[in-house]
1. From the P(r) of the stretch 51-116, could you give the percentage of C-alpha pairs in the tail past 13 Å?
2. At 222 nm, what helix-only mean residue ellipticity would the chain give, in deg cm²/dmol to the nearest 500, using -39500 (n - 2.57) for each DSSP H run of four or more?
3. Helix 157-175 versus the longest principal axis of the chain: what angle, 0 to 90°, nearest 10, using Cα atoms?
4. If we count other beta carbons within 10 Å of each Cβ, what is the order of 148, 170, fewest first?
5. By counting other Cβ atoms within 10 Å of each Cβ, how are 20, 46, 137 ranked from fewest to most?
6. By what distance, in whole Å, do the Cα atoms of the chain stretch along each of the three principal axes, largest value first?
7. Please determine, in degrees from 0 to 90 and to the nearest 10, the orientation of helix 191-200 with respect to the longest principal axis defined by the Cα atoms of the chain, where the helix direction is its Cα long axis.
8. Stick to Cα atoms and the Kirkwood definition of Rh, then tell me Rg/Rh for the stretch 88-138.
């Protein structure tokens, strides 16, 4: 083999190595970007999909999908209206915890709708919301699961209270687009009454 041919092969090999290194770098960069953006939702996707590659494909598709919609912050009027509605359900919980949890679920759906998120299907709603609110979307899933299970096997008041707290986590994020909504803790003044009633059941 001539020296020129050897030189060509060496150059070609180096180019391939550079291309592979660049591809690996871009993959790691993509992984780090998705991990940073989705946080715990990234790990959940990996568990659900089985591999990080498949999970990253799913998360990237979520991002692409949400870009199709006009997601907007709430107006001050809507923010105040929804905040007052939440306070009403919070107070309602004392006497009607089951109804309050159902209403909280509906209220969250309404907030999402006003902000521009599609609301037809729960699983798709959760996936869509996870793009902008990845840290608290699992709270939403847990609360919704408690609400669904309660329709078949009545939950305890403590479980319903847990659902309200989980709903509140996403509600706070949605109201201020990831900020902190300064509502009081769920049922702060009435925990004693709630627990006393639960003990009598």
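Each reported figure results from applying straightforward, stated rules to the coordinates on display, with no laboratory input. Everything quoted here is computed from the prediction, not taken from an experiment. Here the Cβ positions follow ideal geometry from the backbone for every residue, glycine too, while neighbour counts run over all protein chains shown.
1. Details: 1527 of 2145 pairs.
Tail of P(r) above 13 Å: 71 percent of Cα pairs.
2. On the way: 9 runs with 151 residues, N = 201.
One gets -25000 deg cm²/dmol as the mean residue ellipticity at 222 nm.
3. With both axes taken from Cα atoms, the answer is about 60 degrees.
4. The order, fewest Cβ neighbours first, is 148, 170.
5. The most exposed by this proxy come first: 20, 46, 137.
6. 93, 38, 28
7. With rounding to tens, the tilt is 70 degrees.
8. Details: Rg = 12.4 Å, Rh = 11.9 Å.
Taking Rg over the Kirkwood Rh, I get 1.05.
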